[in-house]
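Derivation of every value follows stated rules applied to the coordinates shown; laboratory data play no part. Predicted, not measured: the structure shown is a model, and the values here were computed from it. Note that we place each Cβ from the backbone using ideal geometry, even for glycine, and neighbour counts take in every protein chain shown.
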Amino acid sequence: MNFKFQLIYWYSNNKRQLPWRETKNPYYIWLSEIILQQTQVKQGLPYYDAFVDQYPTIFDLAEATETSVLKLWQGLGYYSRARNLHAAAKYVVNELNGEFPNNYKDLLKLKGVGDYTASAIASFAYNEVAAVVDGNVYRVLSRYFGIDTAINSTIGIKEFKSLATSLIDKAQPAIYNQAIMEFGALQCKPKNPDCHICPLKDGCVALQKNLVSVLPVKLKKTKVTNKYYNFLVCIDNSKQILFEKRTNKGIWQNLYQFPLIESEKSLAPEEFHLLNFENTILSTEDFDYSLYNETDIIHKLSHQHLHTKFWIIDIDQLPNNAIAIASLTNYPTSVLISDFIDNFNF
DNA sequence: AAAGCGGGGAT
DNA sequence: ATCCCAGCTTT
């Protein structure tokens, strides 16, 4: 048996039952693919169910507000996916008369849809011969064929896409694509795969040459920068609180948070006055404050470590852009903020 | 070509 | 700690 039939045979015996595999509806398949970008199935599954439940059609999604879409996305990370998802839904409904793009080339025009996702939707929903290359595929191909080209280099991306295209089963592209990804996820795992029970072991170059643990090759890691965040939790006598939208570029765009002042270093409790209040409505004179967390909460993103302090500030009367404390949970926020809201005794 | 963008799981 | 996850967009 050749490579593709071995994969498909293995898949038929080992595949997981997942809801997006039970449908050919391109909207549901698209939804699942966006959710699963850089996200493990276990983490994405409850979000998929929630989106299907709350937005059963692309029209429902298009009619929603971005804030409500972000709220449902809360906790999943990479929030540009949610913003792009919503924008693409509006594009399909308003510009394409609600007809979902039905081929690789047109799928690529959707915001948040790149080569992998366009190939996945085109093959799964329309059985188009378009080879997917995700993290699983990179791993399987680099090991089986013993390829040490860096998978995140420009040349590597082209080389693996070309190889994947040459291998796909043109008679059943949907099954083949599913099979190679599932094989990478369950059998050809990143760490300590059980190669002695692998159906492809006889042809696997990495196994013969003892290169399983070093393939695939990936270029360097991103450098982590440290930042020092000071959130001002400003509460007044009528249980109002300041909460505002992050409109800047960068992390957590369009999510909500308490007023934030960055500092150059981690401040001691008595150094509160060193914060730069220039762009806030507060002056350091007219309120009492305390520090919620004695030691910094370190919120780790892939490229930033956020050393965070929550300063609790009591004020007589906040301006009328403040919101009710009871309504805080209606707003989409980062995990850093939602954890605080869940734990703080308001 | 490189950097930016989250959060959690596995080891 | 470190790497990885059904990657894409911006610089």
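Data table
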item: Separation in nanometres of the label points that stand 7 Å from Cα toward Cβ, at A:Ser263 and A:Thr149; result: 5.1
item: Between 0 and 90°, nearest 10: helix A:80-95 axis offset from chain A longest Cα axis; result: 70
item: Exposed GluC sites (Glu not before Pro) absent: longest stretch of chain A, with sites in DSSP loops and at most 12 other Cβ within 10 Å deemed exposed; result: A:100-263
item: Segment A:113-173 and segment A:210-224: distance between their alpha carbon centers, rounded to Å; result: 19
item: Estimated vicinal HN-Hα couplings, Hz - segment A:247-257 in sequence order (Karplus 6.51, -1.76, 1.60; Gly, Pro = x); result: 9, 5, 5, x, 5, 6, 4, 6, 8, 9, 7
item: DSSP-assigned coil residues among trypsin sites (Lys or Arg not before Pro) in segment A:169-276, each with at most 15 further Cβ atoms within 10 Å; result: A:Lys170, A:Lys191, A:Lys209, A:Lys218, A:Lys220, A:Lys221, A:Lys223, A:Lys239, A:Lys249, A:Lys265
item: Spacing of the two label points (7 Å from each Cα toward its C-beta) at A:Ile298 and A:Asp316, in nm; result: 4.3
item: Cα→Cβ-extended label distance, 7 Å offset, between A:His273 and A:Ala324, nm; result: 3.8
item: MRE, 222 nm, helices only [DSSP H, n ≥ 4, -39500 (n - 2.57), over chain A, to nearest 500]; result: -11500 deg cm²/dmol
item: Kirkwood Rh, angstrom, chain A [1 / mean 1/r, Cα pairs]; result: 23.1
item: Folded to 0 to 90 degrees: helix A:115-126 orientation relative to chain A principal axis, Cα; result: 60
item: Among the listed pairs A:Lys90/A:Lys239; A:Lys189/A:Lys265; A:Lys15/A:Lys105, those beyond 31 Å (Cα-Cα); result: A:Lys90/A:Lys239; A:Lys189/A:Lys265
item: Computed over segment A:3-208: relative contact order in percent, which uses C-alpha pairs under 8 Å that are six or more apart; result: 23
item: Segment A:Lys218-A:Ser290, length gained on full extension (0.36 nm per residue, minus Cα span); result: 21.3 nm
item: FRET efficiency, A:Asn94 to A:Asn345 (Cβ-Cβ, R0 51 Å, nearest 0.05); result: 0.65
item: Helix A:3-14 axis, angle to chain A major axis (alpha carbon atoms, nearest 10°); result: 60
